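Worksheet: one structure, shown below.
The values are calculated or read from the model by the stated rules, or taken from the named source; none is laboratory data. Please read these numbers as outputs of a predicted model, since none were measured by experiment. Reconstructed Cβ throughout: ideal geometry from the backbone, glycine too, with neighbour counts over all protein chains shown.
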Amino acid sequence: MAASWQVGRGIADITGEPADCGMLGYGKADQRTHGIHLRQRCRSFVLDDGARRVLLVVAELPLPMQSVTDEVLRRLAETFGDTYTEQNTLITVTHTHSGPGGYCGHLVYNATTSGFRPATFGAIVDGIIESVEAAHRDVAPAELALGHGALRDASVNRSRSAFERNPFEDREVFPDAIDPQTTLLRVVRDGRPVAAINFFATHGTSMSNRNLLISSDNKGYAAYHWERLVEDENYLAGEEPGFVAAFAQTNAGDMSPNLDVGSGPTDDERENTRIIGTRQYDAAAALLAGDLAPLGEGIDHRMVHVDLGRVHVRPEFTPDRRPHRTGRPMVAASQVAGTDEGKGFPGFRQGRHNPVWDGLSRAAYRLNPVLADQHAPKGIVLPGSLLNRLGAVVQERVPVQLLRLGRLHLIGIPAEVTIVAGLRLRRTVAAIVGADLDDVLVVGYSNAYVHYVTTPEEYVEQRYEGGSTLFGRWELPALMQVVAGLANAMHEGRPVDGGPPPESGKPASWLRSPPPDVADAGFGAVQQQPADCRPGETATATFESAYPNNDLRRGGTYLEVQRLVGEEWVRVADDGDWCTTFRWERAGRAGSLATITWDVPADTSPGRYRIVHHGAARDRSGALQQFTGCSRAFTVA
């Protein structure tokens with residue numbers, strides 16, 4: 001099969017502040033970073049058919065943000081002109097709930113992070129740019145193939161009662177109330193696979209809201225595991241990768257990886273992350289090795305900005321076949337309640353079980369029939385549009401995108417879409433462009449974020465997902481109408497007017513500067529030495545350290561595990577590896593302790609090893625001093 005595509009791949013580190021930064025996802029004020037278990041990466045892919053080009057970015061972040069998208073596009077324009085624009089660039093995230101927050105332009109997402117965090121924002125944007133630049137340099141002839149499979153033991157429906165409200169013709173597509181479809185785009189050069197992009201719906205919540213270590217969660221583990229298997233030496237040394245694996249989301253709104261209620265399949269959250277990640281890898285690897293059909297030819301793209309609270313929805317897109325209108329964003333009591341796997345504020349419950357807020361809302365609905373048609377039976381707690389008058393709190397104008405890569409169609413939605421809501425969006429596009437349903441995917445968590453999209457039937461149940469459907473009961477029909485317009489324009493070869501772009505917000509920050517670092521015995525001094533150990537055991541070292549946020553060591557590491565080879569110490573693991581952890585804690589007011597663990601893998605070669613810690617201390621003048629501490633040599637027998 002002759003190569004008719006040009007493809008480039010790039011990967012970079014996007015890990016933010018590992019110390020005292022609120023994590024984004026669960027909304028817990030006390031879930032603040034205290035180290036790293038698995039670094040966050042960004043993987044970018046340039047796909048070119050000779051006439052058009054698309055940039056697909058898969059970032060291991062909690063949420064996509066308009067602020068990040070805008071800054072990335074601004075910087076890409078400085079370097080590449082109009083090569084990569086909002087029209088042909090899709091930035092999607094894996095939705096880990098264990099990443100640093102504070103990179104958002106809208107206040108509600110920075111509420112638990114002491115506001116805007118410039119260091120984390122900079123790490124994310126810089127890393128995305130580096131991955132794109134690497135992909136741009138890497139563009140070369142390639143063959144693309146597409147395949148689909150089924151993965152049934154990596155997700156469960158966490159809002160089954162809402163799902164059951166959907167009509168039978170929707171529910172019968174998902175007899176287990178999950179979306180098992182796993183889709184793989186394979187990239188081959190010179191007969192060898194060099195990249196894979198997998199799409200599968202499951203939440204990034206294998207790590208719980210009690211976790212304080214940065215983690216890219218199950219999809220991050222799947223990518224890490226695959227890349228280490230294929231190109232361990234290149235990846236570890238930071239060279240251009242020989243294989244890049246991205247694990248992207250689809251319509252994961254009601255899909256949880258916790259196969260038991262709130263947890264699972266075990267009682268160990270780290271083991272759950274590994275298991276669910278491995279299952280996604282296994283399914284993707286089986287597809288990669290299979291007899292996949294060529295992707296086909298051609299690229300096309302359309303994108304439009306939508307004021308999602310002001311859409312007049314035509315009757316052909318609504319279940320009751322009557323016209324309706326979306327409403328301005330409203331925060332619900334059931335949204336504040338959180339989910340089974342991430343409890344929200346006490347005193348709130350999922351469903352229509354919040355008497356005070358439900359009662360007040362019913363009174364408002366009786367007085368305002370238009371509001372009732374838009375939002376009932378939501379128990380309204382806060383009107384987002386009113387808060388937006390005081391500052392950028394919730395985004396209202398959003399990007400909606402449609403990309404075509406050969407026969408694969410990707411619907412970029414800036415929200416978390418339930419599986420039946422995704423099904424209806426996919427059916428809408430497939431019917432217009434004449435595609436197989438399997439070849440049309442909703443890529444949620446793309447370009448910006450406005451919480452959830454449920455079907456009008458699911459909305460009535462007012463589970464967490466329905467309560468988080470900010471723009472009311474007709475939000476999904478409005479999006480169906482929008483993507484129908486994009487699909488028709490694409491099918492007919494017509495351009496679309498993207499409309500005025502959304503504002504990314506003007507973030508506020510109330511961060512306080514940390515005190516100058518102090519260390520009684522000197523920076524890098526070892527407080528606890530590792531003992532001799534065996535494979536399957538853990539080696540631990542504790543160092544006097546400094547505030548890790550002084551230097552995020554992006555593209556580097558806070559730790560190394562080194563093996564003595566001849567007369568040289570050779571790195572065998574760092575803080576981007578599954579087998580290591582870097583934990584930070586305060587010692588007094590201005591001191592720091594860094595505890596490094598290495599879970600010695602079963603296949604570790606016998607020999608002499610040591611643990612190394614890298615850091616940077618800040619003095620009273622603000623100057624940084626780099627330091628390195630080394631443990632004693634210990635034996636792995």
Report yes if some residue within the stretch 146-155 is modelled with pLDDT of 95 or more, part of a strand (DSSP E or B), of a type in the set (A, V, I, L, M, F, W, C) and in the same structural domain as Q31 (by TED's automatic domain parsing); otherwise report no. yes
Which pairs have Cβ atoms under 6 Å, sit 6 or more apart or on different chains, and link a residue in the stretch 186-208 that is touching a residue at least 24 places away in the same chain (Cβ under 8 Å) to one that is crowded, with 24+ Cβ neighbours inside 10 Å and aromatic (F, W, Y)? N198/F247
Of the residues G524, G556, which single one is part of a loop (DSSP other than H, G, I, E, B) and either within 32 Å of the chain's Cα centre (by Cα) or within 16 Å of Y609 (Cβ to Cβ) (or both)? G556
For the stretch 68-115 the number of residues that are closer than 26 Å to A245 by Cα and of a type in the set (G, A, S) is 3
Log entry, pairs with first residue in the stretch 393-406 being under 30 Å from Q6 (Cα atoms), second being among the aromatic types (F, W, Y) and part of a strand (DSSP E or B), beta carbons closer than 7 Å, six or more apart or on different chains, reads none
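Suppose we filter the stretch 472-499 for residues that are touching a Leu at 6+ places or on another chain (Cβ under 8 Å) and surrounded by 19 or more Cβ atoms within 10 Å (Cβ to Cβ); how many remain? Even if it seems obvious, please write down each step before you answer.
To start, the set of residues in the stretch 472-499 that are touching a Leu at 6+ places or on another chain (Cβ under 8 Å) comprises 475-476, 478-480, 483, 486-487, 490, 496.
Going one step further and asking which of them are surrounded by 19 or more Cβ atoms within 10 Å (Cβ to Cβ), we end up with 475-476, 478-480, 483, 486-487, 490.
Summing the residues that are touching a Leu at 6+ places or on another chain (Cβ under 8 Å) and surrounded by 19 or more Cβ atoms within 10 Å (Cβ to Cβ) in the stretch 472-499 gives 9.
Considering only the stretch 596-622, state which residues are of a type in the set (D, E) and assigned to a strand (DSSP E or B). Lay out the reasoning, then the answer.
Restricting attention to the stretch 596-622, the residues satisfying the condition of being of a type in the set (D, E) are 599, 603, 619.
If the condition is that a residue be of a type in the set (D, E) and assigned to a strand (DSSP E or B), then D599 is the only one that fits.
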Quick check on the stretch 166-191: of everything there that is modelled with pLDDT of 95 or more, of a type in the set (D, E, K, R) and farther than 30 Å from P319 by Cβ, which residue is surrounded by the most Cβ atoms within 10 Å (Cβ to Cβ)? R186
How many residues of the stretch 559-595 are in contact with a Pro (Cβ under 6 Å, 6 or more places away or on another chain) and not in a loop (DSSP other than H, G, I, E, B)? The answer is 1
Do any helices (runs of 4 or more DSSP H) entirely within the stretch 373-489 hold 3 or more residues that are small (G, A, S), and if so, which? 419-433
Residue count for the stretch 487-545, restricted to those that are on the phi > 0 side of the Ramachandran plot and out of contact with any His (no Cβ under 7 Å at 6 or more places or on another chain): 3
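Given the options L360, L382, name the one that is among the aliphatic types (A, V, I, L, M), farther than 20 Å from E458 by Cβ and modelled with pLDDT under 90. Walk me through how you get there before you give the answer.
Working: L360 fails: modelled with pLDDT under 90.
Testing whether each residue is among the aliphatic types (A, V, I, L, M), farther than 20 Å from E458 by Cβ and modelled with pLDDT under 90 leaves just L382.
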Of the candidates Q462, Q481, the one satisfying the condition of being of a type outside the set (S, T, Y) and in contact with a Pro (Cβ under 7 Å, 6 or more places away or on another chain) is Q462
Against the definition (touching a residue at least 12 places away in the same chain (Cβ under 8 Å), in contact with a Leu (Cβ under 8 Å, 6 or more places away or on another chain), over 25 Å from L410 (Cα atoms) and not hydroxyl-bearing (S, T, Y)), how does A135 come out, yes or no? no
Any chance E461 is in the same structural domain as H106 (by TED's automatic domain parsing) and either closer than 25 Å to G16 by Cβ or not hydrophobic (A, V, I, L, M, F, W, C) (or both): yes
